[in-house]
Number of protein chains: 2
Amino acid sequence: MCHAGRMRILIIGTGHVGSAARAALEASHDVIVASRSTTPAVDITDQASIQALFETVGTVDAVVTTVGKVPFKPLADLTRDDLEAGLAGKVLSQIDVVRIGLPYVTDGGSFTVTSGVLAREPIRTSAAASMANGALETYVMAAAPEMPRGIRLNAVSPSVLASSPQHHAAFAGFPR
Amino acid sequence: MCHAGRMRILIIGTGHVGSAARAALEASHDVIVASRSTTPAVDITDQASIQALFETVGTVDAVVTTVGKVPFKPLADLTRDDLEAGLAGKVLSQIDVVRIGLPYVTDGGSFTVTSGVLAREPIRTSAAASMANGALETYVMAAAPEMPRGIRLNAVSPSVLASSPQHHAAFAGFPR
């Protein structure tokens, strides 16, 4: 099954990646955008908030999550709490959107979650962030073949963003 | 700095991988083995237990962890608690050994943690296990360059074990 026509797409996140996804999709599809500051609002670290969002939005053909918070610290300062915060903020949160949102996605629809370049190109202070991205990508690789009703699950891993010049010095030589 | 001579090595775990590490190392090095059922005992999901182990064992040149528990379930049955249990049982636990054991390891020494084939070759029911292995490997890639005093950090990812025939059917064609 595929959705060659106009789709109903939920994008969670209004940052650099969410805005780019919206700009790419809204001309051809019905796009609903949600973040902590929209109506309806959603905080994906709160499972009840995710559930409430899907109850409000109803059935969609695709869900794109582009949010995730991870701490950056030198390794010597990185605590177990920091690692747990990165996993909760970027990995378990996006997986919760997939799990809780599954009944609301049409047969043959899709989930797209957002990882990042640090999974393959670590920088100093990125151990928690790299771990989170690596966890998410590996989860997606393993879980995608078990998704029901022809629903696809993919991770997109942006490189360093042209719109984030504050990170460019750490990624010398990267295309943007 | 390197340790070309006889080293003092702590191996945590007495399962298939821990036993193989011990067999390979004990002829040439002073090997201390610890698990939940040895004296001294250790449970690496308990940070106080890890601390007590290192206080008892004292300074070592290398630490090898070969333990980790992860749940295996069909994706439809996999809960957030299962994912958290896999991360606590195999990822955060081995990282805690590195963090807590760091002051006890000599300059130029090493930590070796154990990941597994499911990080690159998922099987049905392995989403939590694959995620855990992927998280651990990515953490190690990112954290290793930030380790102090020339201490190395590596992950070893065993393929399916000859000594685990119950898993062979899921890995048809794999060398063992």
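The values are calculated or read from the model by the stated rules, or taken from the named source; none is laboratory data. The structure presented is a predicted model; accordingly, all values stated were derived computationally and were not measured. Here the Cβ is made from the backbone with ideal geometry for all residues, glycine too, and neighbour counts use every protein chain on show. Calculation scope for accessible area: heavy atoms of the full protein, side chains included, ligands and nucleic acids excluded. Shrake-Rupley method; radii C 1.70, N 1.55, O 1.52, S 1.80 Å.
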Let me spell out the model: positive unit charges on the Cβ of Lys and Arg, negative unit charges on the Cβ of Asp and Glu, origin at the Cα centre of the range B:1-47. What dipole size does that give, in debye rounded to 20? 120 debye
Which residue, B:Ala119, B:Gln47, B:Leu10, has the largest displacement toward the positive end of the dipole of the range B:3-157 when charges sit on each Cβ (Lys, Arg +1; Asp, Glu -1)? B:Ala119
Distances in nm, one decimal, shortest first, from A:Ser19 to the same residue in every other copy, taking the label point 7 angstrom along Cα→Cβ. 5.9
Which trypsin sites (Lys or Arg not before Pro) in the range A:16-86 pass both tests, a DSSP loop state and at most 15 other beta-carbon atoms within 10 Å? A:Arg36, A:Lys69
For chain A, set up a Gaussian network in which alpha carbons nearer than 10 Å are linked by springs, and say which option among A:Ser35, A:Ser159, A:Ser115 fluctuates the most. A:Ser159
Let me spell out the model: positive unit charges on the Cβ of Lys and Arg, negative unit charges on the Cβ of Asp and Glu, origin at the Cα centre of the protein assembly as shown. What dipole size does that give, in debye rounded to 20? 600 debye
Counting alpha carbon pairs within less than 8 Å and at least 6 residues apart, what relative contact order, in whole percent, applies to the range B:1-111? 32 percent
Using a Förster radius of 30 Å, what is the FRET efficiency between A:His167 and B:Gln47 based on their Cβ-Cβ separation? Nearest 0.05, please. 0.35
Label geometry 7 Å along the beta-carbon vector: A:Arg152 inter-copy distances in nm: 4.2
Among B:Ala23, B:Gly89, A:Thr65, the residue whose Cα sits farthest towards the positive end of the charge dipole of the protein assembly as shown, when +1 is placed on the Cβ of each Lys and Arg and -1 on the Cβ of each Asp and Glu, is B:Ala23
Using a 7 Å offset from Cα along the direction of the beta-carbon, what are the separations from B:Ser164 to the same position in each other copy, nm, ascending? 3.5
What distance in nm separates the simple spin-label points at A:His29 and B:Val156, each placed 7 Å from Cα in the Cβ direction? 4.6 nm
Specify, for chain A, the residue whose C-beta is closest to the rotation axis mapping it onto chain B, with the distance given in whole Å. A:Ala135, 2
Can you send over the solvent-accessible area of A:Thr56, 1.4 Å probe, protein chains only, in Å² to the nearest 10? 100 Å²
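What is the dipole size for the range A:3-157, taken about its Cα centre, with +1 at each Lys and Arg Cβ and -1 at each Asp and Glu Cβ, in debye to the nearest 20? Each step should come with its number before you reach the end.
Working: 13 positive and 15 negative charges, 53 e Å.
Dipole about the Cα centre, nearest 20: 260 debye.
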Note down the nm distance, to one decimal, between modelled labels 7 Å out along Cα→Cβ at B:Lys73 and at A:Thr59. 2.8 nm
Can you give the helix-only mean residue ellipticity at 222 nm for chain B, where every DSSP H stretch with n ≥ 4 adds -39500 (n - 2.57) and the sum goes over all residues, rounded to the nearest 500 deg cm²/dmol? -9000 deg cm²/dmol
Taking Cα atoms, how many degrees apart are the long axis of helix B:47-57 and the longest axis of chain B, rounded to 10 and kept between 0 and 90? 40 degrees
Using a cut-off of 22 Å between alpha-carbon atoms, which lysines can reach B:Lys69, once sequence neighbours fewer than 8 places away in the same chain are excluded? B:Lys90
To test your reading of the geometry: what angle, between 0 and 90 degrees and rounded to tens, separates the Cα axis of helix B:127-143 from the longest principal axis of chain B? 30 degrees
Output the 0 to 90 degree angle, nearest 10, between the alpha-carbon long axis of helix A:16-25 and the longest principal axis computed from the alpha carbons of chain A. 30 degrees
